[in-house]
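In what follows, a structure is listed as structure tokens, so that the remarks can point back to it.
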Amino acid sequence: MKPKFFVALAHTDTIACFTSTVDEKRTRISNLNLFPDSLKENLLFSMSFDSAIHYDSMSSDLDPMGNSGALNAHDTPPKRMFADCGAFQFRELPRPMLRTIELNHEIAWDYYEKKHIKAKHQWDEILLCSPDHIITADMDDEQSKSRFEFIKENASPFLEKSKSDPRVFAVGVIHGRNIQERIEQYEMFKSIGYEYVALGGMVPYSTKQQQVLEIVAGIIDIEAPFIDQSSILGRCRRDGVKLHIFGLNSPDWIRWWHRLQIDSFDGSKLSTEGAANGWYYVPNDGKGSGRDMPDKPTRVGQLYHRIAVKKMKSDSWSWGEKPLIGNSLWDIKYRDELKSKKVKKEIIRVCGKNVIVNGIQTQCFCTACKYLKSSRCTSERCWYRKTNPNERHVAEARMMGSTEHNMGRVAHNAFVVSWLIEQIEKYAKEADESEIGEENSWLLNWKTIEVMH
């Protein structure tokens with residue numbers, strides 16, 4: 001079974017583009033327009049952020065000067081959505097507040113129904129979290145008891161409301177200060193009739209691999225792992241309940257979720273890594289210097305590089321001149337249109353340098369980058385525009401300076417992550433179908449982990 005990756009999106013996950021070759025009419029659209037099909041199939045939205053821009057513009061026209069043909073050819077609409085109640089935003093409050101209103105099952109359902117169930121986009125499947133309140137390990141008995149009671153009192157009525165639409169699955173979110181409290185909450189959800197649960201409050205443990213695997217599956221020995229029957233995952237397998245993991249979605253966590261055959265997981269790492277933190281992913285796909293594919297990889301980190309975009313040193317690049325608008329080298333589908341109009345003869349600058357960082361060839365030809373290397377950066381505040389006010393430049397993902405560069409990098413990274421998932425699935429299949437001995441012992445790092453009976 002392949003886990004479903006729900007890509008978490010906020011209202012800021014957008015990119016700007018010009019909609020005309022004649023004037024500079026600017027619009028902002030969902031970054032999903034640049035994503036690979038595999039990573040926009042399943043989406044997660046939170047009550048904390050307005051999802052309207054994604055619904056309104058998830059399939060939009062892009063910069064007509066950009067090479068968007070490959071993107072348009074694979075423009076498959078999303079199929080599944082997951083919505084949470086935004087518990088992270090009110091984690092410090094004694095009672096959960098949705099802005100100025102105290103949250104409960106009715107408020108949550110009304111919001112989900114208006115925003116998602118009755119949306120114009122027709123989802124195949126809708127996963128909705130019953131209202132939850134985060135419980136952390138340092139909380140006292142009084143706090144944790146109050147939050148447990150809130151979760152419990154809303155669980156049953158929310159499940160009943162979810163039965164009004166066959167596409168909807170209510171998801172019970174499990175919290176606890178320790179493993180035993182999480183198991184007790186799992187048993188509560190199961191007794192009510194929940195068929196889907198999620199482990200919440202996991203992000204603080206993202207770097208604590210041993211602790212996460214013990215919480216999820218009761219794994220004590222990472223080198224020789226098995227799923228404990230009494231763990232959350234072991235109980236889910238026994239009871240036929242699906243399990244979701246909140247927030248842990250780095251490439252190596254994806255490997256673990258495939259090995260454990262978790263039903264689904266989510267996260268916003270694409271946005272935080274690419275836009276907020278400025279990391280540019282380069283796959284070890286054999287397509288360039290420093291990108292040799294590893295012979296016997298034991299972890300996902302060996303399959304790609306994370307390069308800080310500031311190391312690209314774009315301020316020292318040599319820039320080439322893209323043909324003037326209306327030049328015969330432009331795509332023929334715009335040529336006749338441009339002949340009949342008064343066109344501004346504006347130069348568009350493109351990176352004329354093949355950027356190599358620490359011996360690693362960073363050039364990319366994914367469909368997002370093909371578009372970005374030919375579409376215009378619309379920002380007047382981008383450092384390149386400021387220093388070259390009479391020129392436009394392309395929305396190159398290896399630059400900083402505007403949302404076009406930052407969110408373009410997110411889209412580029414999405415294509416790399418899609419490739420990494422393909423490699424994880426390939427190695428997992430090889431591991432499960434092989435008789436593993438000393439020579440191919442590296443495959444144990446990709447093999448499906450079984451329940452210990």
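The values are calculated or read from the model by the stated rules, or taken from the named source; none is laboratory data. Since this is a predicted model, take the numbers as computed values, not measurements. We place every Cβ from the backbone using ideal geometry, glycine too, and count neighbours over all the protein chains shown.
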## Note on the structure
ILE135: passes all of (1) in contact with a Lys or Arg (Cβ under 8 Å, 6 or more places away or on another chain); (2) more than 19 Å from GLU149 (Cα to Cα) but (2)
### Summary
Note on the range 204-262: residues touching a residue at least 24 places away in the same chain (Cβ under 8 Å), basic (Lys, Arg) and over 22 Å from ASN42 (Cα atoms) are ARG235, ARG237
### Message
Pairs needed: first member in the range 286-301, charged (D, E, K, R); second member anywhere, exposed (fewer than 13 other Cβ atoms within 10 Å of the Cβ); C-beta distance under 8 Å; at least 6 residues apart or different chains.
### Response
ASP292/GLY286
#### Entry: Among the residues listed as SER20, SER59, SER48, the single one being free of Cβ contacts under 8 Å to residues at least 60 places away in the same chain, under 18 Å from ASP124 (Cα atoms) and assigned to a loop (DSSP other than H, G, I, E, B)
SER59
### Query
Consider ASN33 against the criteria (1) within 30 Å of TRP256 (Cβ to Cβ); (2) buried (at least 18 other Cβ atoms within 10 Å of the Cβ): it satisfies all of them except one. Which criterion is unmet?
(1)
### Message
If GLY200 meets every condition in (1) modelled with pLDDT under 95; (2) surrounded by fewer than 22 Cβ atoms within 10 Å (Cβ to Cβ) apart from one, which number is that one?
### Response
(2)
### Summary
Note on the range 19-45: residues acidic (Asp, Glu) and more than 13 Å from ALA368 (Cβ to Cβ) are ASP23, GLU24, GLU41
### Query
Does at least one position in the range 125-140 carry a residue that is buried (at least 18 other Cβ atoms within 10 Å of the Cβ) and among the acidic types (Asp, Glu)?
yes
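Could you count how many residues in the range 177-223 are small (Gly, Ala, Ser) and over 19 Å from ARG237 (Cα atoms)?
Here is the first cut: in the range 177-223, the residues small (Gly, Ala, Ser) are 191, 193, 198, 200-201, 206, 217-218.
Those still in the list that are over 19 Å from ARG237 (Cα atoms) too: 201, 206.
Of the residues in the range 177-223, 2 are small (Gly, Ala, Ser) and over 19 Å from ARG237 (Cα atoms).
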## Note on the structure
Of the residues in the range 356-370 that are assigned to a loop (DSSP other than H, G, I, E, B) and of a type outside the set (S, T, N, Q), the one that is surrounded by the fewest Cβ atoms within 10 Å (Cβ to Cβ) is GLY359
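Each row is one residue, and each column tells you yes or no for (1) farther than 27 Å from LYS353 by Cα; (2) among the hydrophobic types (A, V, I, L, M, F, W, C); (3) modelled with pLDDT under 95; (4) out of contact with any strand residue (DSSP E or B) (no Cβ under 9 Å at 6 or more places or on another chain).
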position	(1), (2), (3), (4)
GLY286	no, no, no, yes
HIS305	no, no, no, no
PRO323	no, no, yes, no
ASP336	yes, no, yes, yes
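Among the residues of the range 122-134, write down those that are farther than 21 Å from ARG182 by Cα and either outside any loop (DSSP other than H, G, I, E, B) or at pLDDT 95 or above (or both).
So in the range 122-134, the residues farther than 21 Å from ARG182 by Cα come out as 122-126.
Selection gives TRP123, ASP124, GLU125, ILE126.
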### Message
So for the range 135-142 (the condition being more than 15 Å from SER164 (Cα to Cα) and assigned to a helix (DSSP H, G or I)), does at least one residue qualify?
### Response
yes
### Filter result (in contact with a strand residue (DSSP E or B) (Cβ under 9 Å, 6 or more places away or on another chain) and over 19 Å from ALA10 (Cβ atoms)) within the range 245-255
ILE245, PRO251, TRP253, ILE254
### Query
Do we find a residue being in contact with a Ser or Thr (Cβ under 6 Å, 6 or more places away or on another chain) and surrounded by fewer than 16 Cβ atoms within 10 Å (Cβ to Cβ) anywhere in the range 428-438?
yes
### Query
Can you name the residue in the range 1-28 that is under 17 Å from the mean Cα position of the chain (by Cα) and among the β-branched types (Val, Ile, Thr) and is also nearest to PRO78 (Cα to Cα) among such residues?
VAL7
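Per-residue answers, yes or no, for (1) in contact with a strand residue (DSSP E or B) (Cβ under 9 Å, 6 or more places away or on another chain); (2) under 21 Å from GLY172 (Cβ atoms); (3) at pLDDT 90 or above:
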position: ALA10; (1), (2), (3): yes, no, yes
position: ILE29; (1), (2), (3): yes, no, yes
position: LEU43; (1), (2), (3): yes, yes, yes
position: SER51; (1), (2), (3): yes, no, yes
position: ASP61; (1), (2), (3): yes, no, yes
position: MET65; (1), (2), (3): yes, no, no
position: ILE107; (1), (2), (3): yes, yes, yes
### Selection status of SER379, touching a residue at least 24 places away in the same chain (Cβ under 8 Å), out of contact with any strand residue (DSSP E or B) (no Cβ under 7 Å at 6 or more places or on another chain) and part of a loop (DSSP other than H, G, I, E, B)
yes
### Message
Between a residue in the range 85-96 that is part of a loop (DSSP other than H, G, I, E, B) and any residue that is β-branched (Val, Ile, Thr), which pairs come within a Cβ distance under 8 Å, given they are 6 or more apart or on different chains?
### Response
ARG91/ILE134; ARG91/THR136
### Residues that are aliphatic (A, V, I, L, M), exposed (fewer than 15 other Cβ atoms within 10 Å of the Cβ) and over 30 Å from ARG349 (Cβ atoms), drawn from the range 38-97
ALA52, LEU93, MET97
### Message
Looking at the range 209-255 only, could you name the residues that are under 23 Å from ARG306 (Cβ atoms) and of a type in the set (Gly, Ala, Ser)?
### Response
GLY247, SER250
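Residue by residue through the range 145-197, note down the ones that are of a type in the set (S, T, N, Q), surrounded by fewer than 19 Cβ atoms within 10 Å (Cβ to Cβ) and either assigned to a helix (DSSP H, G or I) or within 27 Å of the chain's Cα centre (by Cα) (or both).
SER146, SER156, GLN180, SER191
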